[in-house]
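Chemist: Below is one structure. I have some questions about it.
The values are calculated or read from the model by the stated rules, or taken from the named source; none is laboratory data. Keep in mind that this is a model prediction, so the values were computed, not measured. Cβ: placed from backbone, ideal geometry, glycine included. Neighbour counts: every protein chain shown. The protein model used for the area step is the full one, side chains on, heavy atoms only, and it has no ligands, DNA or RNA in it. Shrake-Rupley method; radii C 1.70, N 1.55, O 1.52, S 1.80 Å.
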Amino acid sequence: MARLDYSTQWIDEEDVAGVVEVLKSPYLTQGKKVEEFEKALCAYTGAKYAITFNSATSALFGAYTVCGICEADEIITTPISFVATSNMFVALGANPIWCDVKLDGNIDEKQIQKLITPKTKAIVVVDFGGKPVAMEQIEAIAKQHNLLLIDDASHALGSSIDGKKIGSFGDMSIFSFHAIKPITTSEGGAVMTNNEEYAKQLRLIRSHGMVKKELWNSDMVSLGHNFRMTEVAASLGVTQMKKLDSFIQIRNEIAFYYEERFKNEKLFLTQKIASNQISSRHLYPIILNPELQCKKEDIFKELQASGLGVQVHYKPIYQNSFYKNKFGEVSLFVANDFYRSEISLPCHQQMSLEDAKFVADTFLQIIQKYNYRGCSF
Ligand SMILES: *Cc1c(COP(=O)(O)O)cnc(C)c1O
């Protein structure tokens, strides 16, 4: 049922041919494809340096490490994300300070300031579903308080604000190339930065902290890992980058179609993208009205039974038992509400407008049935 999953990859003959070529070449890893992919990422986003990793999770770990996040630092971040966003700084001993979100799923920039303490080290944001966060305001807060700004842009390769691409804001940005992200290398990630020192440290941490000397001699200068992207994966990155804009165009056409179909609906909200922004439309989230929240399980089941590969993004990270056990109970009003209300509809580059029509028809038909069976308060 990949066709109507909430997201899926697009692999064509060009991708396959590239991979086959690498497989027949002498270098399966540590060759020239990684460099070529990194150059393409820089050219596309306008960031000075791209350092690829074998996943966004390891890229996040690298980014958090090289900017000096450590024990007892406080990191202001969003709970509406995949767990890796916070897991990787928790792995370094830092503490999450959860900031509530807005109904578009993005961190509420107006609530950041009051969470800042002398221990605050960084603000970590996520462009939810591909919609850019309020970068201008958040960059100003980070600058004013001398905080690092890191963008987990795993959803947002191809998104932009006033023509400036996501990946070029803040101190570092992280992309994911997991199978269902805006482009894929099967598994993979990258850190984008303009900071030369970070770039140097990131290259070290992804490959054992070793530098080549002369002949057989090398020196391990810092503690590193093996977080390298393979040549096979990087080849996919190179050929997928060529198609990125067409993917984004198709996802936006589907999203615009949904907007048209849903514009008079009173039973749910959709995520609005401002006219000066482009979203990668990695997700197409809809937010049920409160009176339908108690029916979400039934609605979800019915949607799936009708062939729609819907999903929910995300359970607030603080509601996971690891976080509850380690940091105690947290409850943020909008984030909790968002989780009770959100459903991601299928929106990806393998879909036709006919598919989108089927999704919209099916969704509207199912949701109407629950209109008069709402929850009581
Ligand atoms: C997918 C995702 C990750 C993890 O990416 P991987 O490449 O699978 O490690 C991290 N953060 C967010 C917001 C994601 O959506």
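Chemist: What are the residue pairs meeting all of these: first residue in the stretch 80-91, first residue part of a helix (DSSP H, G or I), second residue within 8 Å of the ligand (Cβ to nearest atom), Cβ atoms under 7 Å, and 6 or more apart or on different chains?
Modeler: Hits for this filter: Ala84/Ala56; Ala84/Thr57; Ala84/Leu60; Thr85/Leu60; Thr85/Val126; Thr85/Asp152; Met88/Thr57; Met88/Leu60.
Chemist: Here is a further query. When the stretch 32-79 is examined, which residues are found to be open to solvent by 40 Å² or more (accessible area, probe 1.4 Å) and part of a strand (DSSP E or B)?
Modeler: Listed by number, the list holds a single entry, Tyr49.
Chemist: Take Ala47 and tell me if it is aliphatic (A, V, I, L, M), at negative phi, touching a helix residue (DSSP H, G or I) at 6+ places or on another chain (Cβ under 8 Å) and within 16 Å of the ligand (Cβ to nearest atom).
Modeler: Answer is no for this residue.
Chemist: Can you tell me which condition Leu149 does not meet? The list is (1) part of a strand (DSSP E or B); (2) in contact with a Leu (Cβ under 8 Å, 6 or more places away or on another chain), and all the others hold.
Modeler: It fails just one condition, (2).
Chemist: Just a yes or no: is a residue in the stretch 6-20 charged (D, E, K, R), under 22 Å from Ile205 (Cα atoms) and either touching a helix residue (DSSP H, G or I) at 6+ places or on another chain (Cβ under 7 Å) or away from the ligand (no atom under 16 Å from the Cβ) (or both)?
Modeler: no
Chemist: From the list Leu288, Leu292, which one is outside the structural domain of Arg206 (by TED's automatic domain parsing), open to solvent by less than 20 Å² (accessible area, probe 1.4 Å) and modelled with pLDDT under 95?
Modeler: None of the other options fit; the residue is Leu292.
Chemist: Same structure again: Give the residue, chosen from Asp104, Asp73, Asp127, that is within 16 Å of the ligand (Cβ to nearest atom), in contact (Cβ under 8 Å) with a residue 12 or more places away in the chain, closer than 25 Å to Tyr198 by Cα and charged (D, E, K, R).
Modeler: Within the list Asp104, Asp73, Asp127, the selection yields Asp127.
Chemist: Can you pull out every residue in the stretch 169-185 that is out of contact with any strand residue (DSSP E or B) (no Cβ under 7 Å at 6 or more places or on another chain) and more than 10 Å from the ligand (Cβ to nearest atom)?
Modeler: The answer is Pro182, Ile183.
Chemist: Now for a separate question. Looking at the stretch 180-225 only, could you name the residues that are over 30 Å from Arg251 (Cα atoms), open to solvent by less than 30 Å² (accessible area, probe 1.4 Å) and not in a loop (DSSP other than H, G, I, E, B)?
Modeler: Passing the criteria: Ala199, Leu202, Leu204, Ile205, Ser207.
Chemist: Does Val334 meet the test of being surrounded by fewer than 20 Cβ atoms within 10 Å (Cβ to Cβ), touching a residue at least 24 places away in the same chain (Cβ under 8 Å), in a loop (DSSP other than H, G, I, E, B) and outside the structural domain of Asn95 (by TED's automatic domain parsing)?
Modeler: no
Chemist: A further question on this structure: Any chance the stretch 261-272 includes a residue that's in a loop (DSSP other than H, G, I, E, B) and open to solvent by less than 40 Å² (accessible area, probe 1.4 Å)?
Modeler: Yes: one or more hits.
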